[in-house]
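The values are calculated or read from the model by the stated rules, or taken from the named source; none is laboratory data. Since this is a predicted model, take the numbers as computed values, not measurements. Positions of Cβ are generated from backbone atoms using ideal geometry, with glycine treated the same way; all protein chains shown enter the neighbour counts.
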Amino acid sequence: MKEVFNVLHTEWSDGWGGQEIRIINEINALKELGHNVFLACRVNSKILIEAKEKSIDTITLPFKGNLDFKTIFLLIKLIKKKNIQIVNTHSGKDTWVGGIAAKICGVKFIRTRHLSNGINSSRLNFINEIADFVITTGESVKTAMISNNRILPDKIESIPTGIDPEKFNPKNFNKDEIRNALFGVPSDTLLIGIIAVLRAFKRHDRFLRMAKFVLEKNKNKKIKFLIIGDGPQRENIETLTLDLGIEKNVILTGHLDNIPEVLSALDIFVLTSDSGEGVPQSVMQALLMNKCVIATNAGSTGDLYRDENFVLVKKDSEMNLLHMCDELIKNESLRKNFERNSRSFVHENFSKKIMTKKIDRLYKEILK
């Protein structure tokens with residue numbers, strides 16, 4: 001008889017990015033295996049909208065702070081009512097209230113850490129230590145939590161976000177038709193893009209300075225730059241685009257859901273982050289789509305690098321980023337070589353199927 005378990009995910013964040021996408025995909029993957037999975041989040045959060053569209057059972061709670069006693073009490077009631085066996089938390093505030101509620105109820109408490117930013121190592125910040133297990137989305141995050149946050153090596157594992165290789169399959173798309181239909185960009189124009197929530201650590205300012213640099217170096221080429229995403233930095237990005245005088249070459253699309261189509265239209269994909277990354281989903285998706293990728297080594301981006309499948313540059317070397325992008329623009333054969341090498345490693349090691357198997361196995365081991 002197949003083992004079925006009840007899991008509650010908690011999420012304080014009201015934004016929409018890789019972390020929230022991972023949660024939705026993980027919940028759906030476990031539901032497909034027959035498990036009962038629920039989500040507790042805030043009432044005005046974007047993850048709530050997506051969860052409802054995906055028919056995920058959701059509960060809205062205040063999540064007002066680390067010691068929000070009202071939320072803790074409501075979580076305890078929910079855990080008992082739904083016979084929850086595992087509480088899986090994702091952001092700081094919901095980790096405190098979710099972890100405390102799980103411990104009071106005597107059920108398993110898993111902390112999933114998505115970002116590579118350092119966690120306060122104070123002894124008072126003990127919530128991660130009392131988790132029954134910690135999941136990270138990259139090896140660098142795992143190593144840091146063992147070193148800085150007193151997490152025992154046998155109670156932590158990196159399980160990168162899995163991507164559906166059939167959804168992100170370049171054979172399903174006509175590049176020239178899509179880029180013209182979506183962005184009005186003809187086939188004789190190089191299209192260089194970034195897909196990321198518009199937050200400071202994603203460093204869209206670097207992307208725009210890179211655009212300025214390569215436009216000046218390649219005045220005889222037609223080049224457009226695509227910024228896909230929305231967020232609190234939008235006004236600053238629009239202002240910098242005007243200040244640099246490159247507004248005619250930059251397209252800000254806002255948030256888009258059709259990411260496979262968007263990626264199919266690109267010639268070069270760029271990640272410019274200086275922190276905050278686990279294993280970035282956008283890079284995985286671009287590599288699966290056989291794109292030429294240039295990315296900084298922020299967080300665990302390096303986990304995706306094998307046999308020169310993309311260009312990996314140091315996160316604190318902006319000039320290296322600029323010059324490498326310029327080299328890729330000038331050297332078409334180099335771009336094609338990266339395109340040929342991009343898909344196989346990610347397909348074999350970072351698929352949705354692999355992620356789901358790892359999480360399912362881990363949950364079963366924890367419950368035993």
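A few remarks follow.
- Output for region 67-83, where each listed residue is part of a helix (DSSP H, G or I) and not β-branched (Val, Ile, Thr): Phe69, Lys70, Phe73, Leu74, Leu75, Lys77, Leu78, Lys80, Lys81
- Residue within region 318-340 that is crowded, with 20+ Cβ neighbours inside 10 Å, assigned by TED's automatic domain parsing to the domain that holds Glu216 and among the basic types (Lys, Arg) present: no
- Taken together, the criteria exclude Ser344 from residues that are within 19 Å of Ile192 (Cβ to Cβ), of a type in the set (S, T, N, Q), part of a helix (DSSP H, G or I) and out of contact with any strand residue (DSSP E or B) (no Cβ under 6 Å at 6 or more places or on another chain).
- Residue that is within 21 Å of Val283 (Cβ to Cβ) and either at pLDDT 95 or above or not assigned by TED's automatic domain parsing to the domain that holds Trp16 (or both), where the choices are Gly231, Gly245: Gly231
- Filtered residues of region 102-115 (kept if among the aliphatic types (A, V, I, L, M), in contact with a Phe, Trp or Tyr (Cβ under 8 Å, 6 or more places away or on another chain) and part of a helix (DSSP H, G or I)): Ala102
- Residues that are crowded, with 19+ Cβ neighbours inside 10 Å and among the hydroxyl-bearing types (Ser, Thr, Tyr), drawn from region 239-272: Thr241, Ser264, Thr272
Okay, residues lined up against (1) crowded, with 19+ Cβ neighbours inside 10 Å; (2) more than 20 Å from the chain's Cα centre (by Cα); (3) in contact (Cβ under 8 Å) with a residue 40 or more places away in the chain:
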{"site": "Leu39", "(1), (2), (3)": "yes, no, no"}
{"site": "Asn44", "(1), (2), (3)": "no, yes, no"}
{"site": "Leu48", "(1), (2), (3)": "yes, no, no"}
{"site": "Lys54", "(1), (2), (3)": "no, no, no"}
{"site": "Ile59", "(1), (2), (3)": "no, yes, no"}
{"site": "Ile84", "(1), (2), (3)": "yes, yes, yes"}
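- Checking the stated criteria, Val346 turns out not to satisfy the condition of being within 25 Å of Val214 (Cα to Cα) and either in contact with a Leu (Cβ under 9 Å, 6 or more places away or on another chain) or modelled with pLDDT of 95 or more (or both).
- For region 156-174, a tally of residues being more than 20 Å from Ser344 (Cα to Cα) and crowded, with 17+ Cβ neighbours inside 10 Å returns 2.
- Looking across Ile21, Ile27, one residue alone is under 20 Å from Lys358 (Cβ atoms), modelled with pLDDT under 95 and part of a helix (DSSP H, G or I). It is Ile21.
- One residue from Ser116, Ser187, Ser121 being surrounded by fewer than 21 Cβ atoms within 10 Å (Cβ to Cβ) and not assigned by TED's automatic domain parsing to the domain that holds Glu235: Ser121
- Taking region 128-164 as the range and being of a type outside the set (A, V, I, L, M), modelled with pLDDT of 95 or more and either within 17 Å of Met289 (Cβ to Cβ) or in contact with a Phe, Trp or Tyr (Cβ under 6 Å, 6 or more places away or on another chain) (or both) as the test, the residues that pass are Asp132, Lys155.
- Restricting region 273-285 to residues that are touching a Gly at 6+ places or on another chain (Cβ under 9 Å) and either buried (at least 24 other Cβ atoms within 10 Å of the Cβ) or not small (Gly, Ala, Ser) (or both) leaves a set whose member that is nearest to Leu334 (Cα to Cα) is Met284.
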